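Visitor: Before I ask anything, here is the structure I am working with.
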């Protein structure tokens, strides 16, 4: 056998035992002829001592970092004072009797045994080496624990894990599909699933009742730190449920998970806070608020209803708002710091940023000469602002004011370290708008997806006021991220047809793209609903990582490339001929 124990399991209680270990050379040190190496595997690190007087152990003297060794030896206690309290195996060492080199390693592109700053594209090119690092191993183990907990928890509650196809029909669901050409059906294409949305609803029609899947999803969309072209979600669907039944299952799942596998973390509250979409946006400027700290948005429109300040007047006259946040302890910001904040606000789309600094010497700031003393007093009474605080105003449309102040709120969260990194502020956001008007295309789009059930009381508004229709959709948010979306689904063909028509789809297009779903609803579809927590994003937050690439074994880079395998890559002429595909690549004009 290659090993009798792992590198992380031996302790002082094993003293005197003969053992066989196998792993990688983590560190190597030569102390006057005696060679010490730290041998590493997934389970830990242990010190090996190689005595030059033992011929069979002599290969240890030539071993270098990341060489693969098999070591036979005896467990000894370390000499007094030589123990390493930072290692679980730090009380002992292995005196090598035989060392065999199983494989050598050429010089490394970066060090495995140091948590140094390494260019990400280098890490991704040599991902198999990057994954040997302790931090990355911990992330993979955490991800495994999260998925195992999900499977156990839901299985114990009557859910069936059902796999759905990776090759399906291309349908408009929000993002671009990845298309797969069919060799057997020339000119036709499969699509890789953006999510198993239609299929899980069809499973409810099939009577599965409680379904889940650790589902792979693929979307051809622009990338960012919390997004990948392929990602993993917990897909979950239930029959004969209302919204709160779904929320109860998911809240129970993650509350129990945190207690079991993340004991160092703590929940903001249990049960979780529940906000309507309108309330979340009004209070935090975002439908995915970070609730670990305050700094809520305040509406000052009434206070400044009669203001002579032209900027405020224009905002209100055009149907906009005047809102602010209070930044604690920042009244002494310099002019340059205020100018930088103003530029940041403009980057969010605001026309500008007004400031009011409440100092011991009096009121200062860019808005000082435009705001009257009684207005200052009213602001303080409404917001609780005190001496030493900085008031930041945005006077603009509601959308711009909310976006700008939300971004400023998060900027100061990080700058002032207002959020406890060990707190998990789960919350629910419910009652989303059903539709959003697309100004560019002059049509209505689904705010969530077109299979979401509208509030039944809003059905009469389809012909009169689509903008005010609310949906039975809900999001799970965590520390400023949307970590899951879900909804009660449409289960009636007449309502589904009505939604598709409002979205501008013609009857023949509905039949061609969604006929299978419409027909299924006519065979006794039960009321059903579910949601889809994003596993990558959740593990990223649990692991305190800055992006989801850190918790995915083999991710794409920010340009959507696999730099390790150099993909995507051209197909051969033979492959293209088999698929009856002819490329028409246009060279970019210089």
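Visitor: All but one of (1) crowded, with 16+ Cβ neighbours inside 10 Å; (2) in contact with a strand residue (DSSP E or B) (Cβ under 9 Å, 6 or more places away or on another chain); (3) part of a loop (DSSP other than H, G, I, E, B) hold for residue 564; state the number of the condition that does not hold.
Guide: Going through the list (1) crowded, with 16+ Cβ neighbours inside 10 Å; (2) in contact with a strand residue (DSSP E or B) (Cβ under 9 Å, 6 or more places away or on another chain); (3) part of a loop (DSSP other than H, G, I, E, B), residue 564 breaks only (2).
Residue-by-condition table, conditions (1) under 30 Å from residue 265 (Cα atoms); (2) surrounded by 22 or more Cβ atoms within 10 Å (Cβ to Cβ); (3) modelled with pLDDT of 95 or more; (4) assigned by TED's automatic domain parsing to the domain that holds residue 244:
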site: 391; (1), (2), (3), (4): no, yes, yes, no
site: 431; (1), (2), (3), (4): yes, no, yes, yes
site: 436; (1), (2), (3), (4): no, no, no, yes
site: 440; (1), (2), (3), (4): no, no, no, yes
site: 445; (1), (2), (3), (4): no, no, no, yes
site: 451; (1), (2), (3), (4): no, no, no, yes
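Visitor: Being touching a helix residue (DSSP H, G or I) at 6+ places or on another chain (Cβ under 7 Å), closer than 23 Å to residue 385 by Cα and surrounded by fewer than 18 Cβ atoms within 10 Å (Cβ to Cβ) narrows it down to one of 352, 362, 285, 294, so name that one.
Guide: 352
Visitor: Go through the range 286-384 and tell me which helices (runs of 4 or more DSSP H), entirely inside it, have 2 or more residues that are within 35 Å of the chain's Cα centre (by Cα), more than 30 Å from residue 274 (Cβ to Cβ) and touching a residue at least 40 places away in the same chain (Cβ under 8 Å).
Guide: Values: elements: 310-317, 335-347, 373-383.
Those helices (runs of 4 or more DSSP H) span 335-347.
Visitor: Given the structure, is residue 142 in the same structural domain as residue 513 (by TED's automatic domain parsing) and either surrounded by 12 or more Cβ atoms within 10 Å (Cβ to Cβ) or over 30 Å from residue 206 (Cα atoms) (or both)?
Guide: Spelling it out, residue 142 is indeed in the same structural domain as residue 513 (by TED's automatic domain parsing) and either surrounded by 12 or more Cβ atoms within 10 Å (Cβ to Cβ) or over 30 Å from residue 206 (Cα atoms) (or both).
Visitor: Another question about this same structure. Collect the residues in the range 224-261 that are assigned to a loop (DSSP other than H, G, I, E, B) and either in contact with a strand residue (DSSP E or B) (Cβ under 6 Å, 6 or more places away or on another chain) or buried (at least 16 other Cβ atoms within 10 Å of the Cβ) (or both), keeping them in residue-number order.
Guide: 226, 228, 229, 241
Visitor: Restrict the check to the range 145-157 and report whether at least one residue is surrounded by 18 or more Cβ atoms within 10 Å (Cβ to Cβ) and within 30 Å of residue 118 (Cβ to Cβ).
Guide: Checked against the condition, which is being surrounded by 18 or more Cβ atoms within 10 Å (Cβ to Cβ) and within 30 Å of residue 118 (Cβ to Cβ), the range 145-157 yields at least one hit.
Visitor: Turning to a different aspect of this structure: Given the residues 546, 526, which is the only one that is assigned to a loop (DSSP other than H, G, I, E, B), in the same structural domain as residue 257 (by TED's automatic domain parsing) and at pLDDT below 95?
Guide: Sole residue among the options that is assigned to a loop (DSSP other than H, G, I, E, B), in the same structural domain as residue 257 (by TED's automatic domain parsing) and at pLDDT below 95: 546.
Results for (1) buried (at least 19 other Cβ atoms within 10 Å of the Cβ); (2) farther than 19 Å from residue 31 by Cβ; (3) in contact with a helix residue (DSSP H, G or I) (Cβ under 7 Å, 6 or more places away or on another chain), shown as yes or no for each residue.
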site	(1), (2), (3)
54	no, no, no
58	no, no, no
64	no, no, no
69	yes, no, no
76	no, no, no
79	no, no, no
82	no, no, no
96	yes, no, yes
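Visitor: Could you pull out every one of the strands (runs of 3 or more DSSP E) wholly within the range 42-149 that has 1 or more residues that are in contact (Cβ under 8 Å) with a residue 60 or more places away in the chain?
Guide: In the range 42-149, 68-77, 92-103 are the strands (runs of 3 or more DSSP E) which contain 1 or more residues that are in contact (Cβ under 8 Å) with a residue 60 or more places away in the chain.
Visitor: Something else about it: Going through the range 322-337 one residue at a time, which ones are closer than 24 Å to residue 386 by Cβ and surrounded by fewer than 20 Cβ atoms within 10 Å (Cβ to Cβ)?
Guide: 328, 329, 332, 333, 334, 335, 337
Visitor: Every residue in the range 262-273 that is crowded, with 16+ Cβ neighbours inside 10 Å and touching a helix residue (DSSP H, G or I) at 6+ places or on another chain (Cβ under 9 Å), please.
Guide: Across the range 262-273, the qualifying residues are 262, 265, 267, 272.
Visitor: Tally time: how many residues in the range 174-205 are exposed (fewer than 15 other Cβ atoms within 10 Å of the Cβ) and either touching a helix residue (DSSP H, G or I) at 6+ places or on another chain (Cβ under 6 Å) or not in a strand (DSSP E or B) (or both)?
Guide: 8
Visitor: Before we move on, is residue 584 at pLDDT 95 or above and exposed (fewer than 14 other Cβ atoms within 10 Å of the Cβ)? Break it down into steps so the answer makes sense when it comes.
Guide: Numbers: at pLDDT 95 or above: no; exposed (fewer than 14 other Cβ atoms within 10 Å of the Cβ): yes.
No, not satisfied.
Visitor: Filter the range 567-581 for residues that are surrounded by 13 or more Cβ atoms within 10 Å (Cβ to Cβ) and outside any loop (DSSP other than H, G, I, E, B); which is nearest to the chain's Cα centre (by Cα)?
Guide: 576
Visitor: OK, next. Answer with yes or no whether residue 169 is over 23 Å from residue 64 (Cβ atoms) and either surrounded by 15 or more Cβ atoms within 10 Å (Cβ to Cβ) or at pLDDT 95 or above (or both).
Guide: yes
Visitor: Which numbered condition in (1) surrounded by fewer than 11 Cβ atoms within 10 Å (Cβ to Cβ); (2) free of Cβ contacts under 8 Å to residues at least 24 places away in the same chain is the only one that residue 546 fails?
Guide: All conditions pass for residue 546, except number (2).
Visitor: So residue 455 ticks every box in (1) touching a helix residue (DSSP H, G or I) at 6+ places or on another chain (Cβ under 9 Å); (2) under 16 Å from residue 277 (Cβ atoms) but one. Which box is left unticked?
Guide: Going through the list (1) touching a helix residue (DSSP H, G or I) at 6+ places or on another chain (Cβ under 9 Å); (2) under 16 Å from residue 277 (Cβ atoms), residue 455 breaks only (1).
Visitor: I'd like to check something: does the range 563-571 contain any residue that is in contact (Cβ under 8 Å) with a residue 60 or more places away in the chain and outside the structural domain of residue 247 (by TED's automatic domain parsing)?
Guide: yes
Visitor: If I ask for residues that are under 30 Å from residue 244 (Cβ atoms) and either part of a loop (DSSP other than H, G, I, E, B) or touching a residue at least 40 places away in the same chain (Cβ under 8 Å) (or both), which ones from the range 507-518 would you list? Walk me through how you get there before you give the answer.
Guide: Looking only at the range 507-518, we keep the residues that are under 30 Å from residue 244 (Cβ atoms), and these are 514, 517-518.
Once the filter is applied, which keeps residues that are under 30 Å from residue 244 (Cβ atoms) and either part of a loop (DSSP other than H, G, I, E, B) or touching a residue at least 40 places away in the same chain (Cβ under 8 Å) (or both), the range 507-518 yields 514, 517.
The values are calculated or read from the model by the stated rules, or taken from the named source; none is laboratory data. What you are looking at is a predicted structure, and each value in this text was computed from that prediction instead of being measured. Using ideal geometry, Cβ is built from the backbone for each residue, glycine included, and neighbour counts are taken over all protein chains shown.
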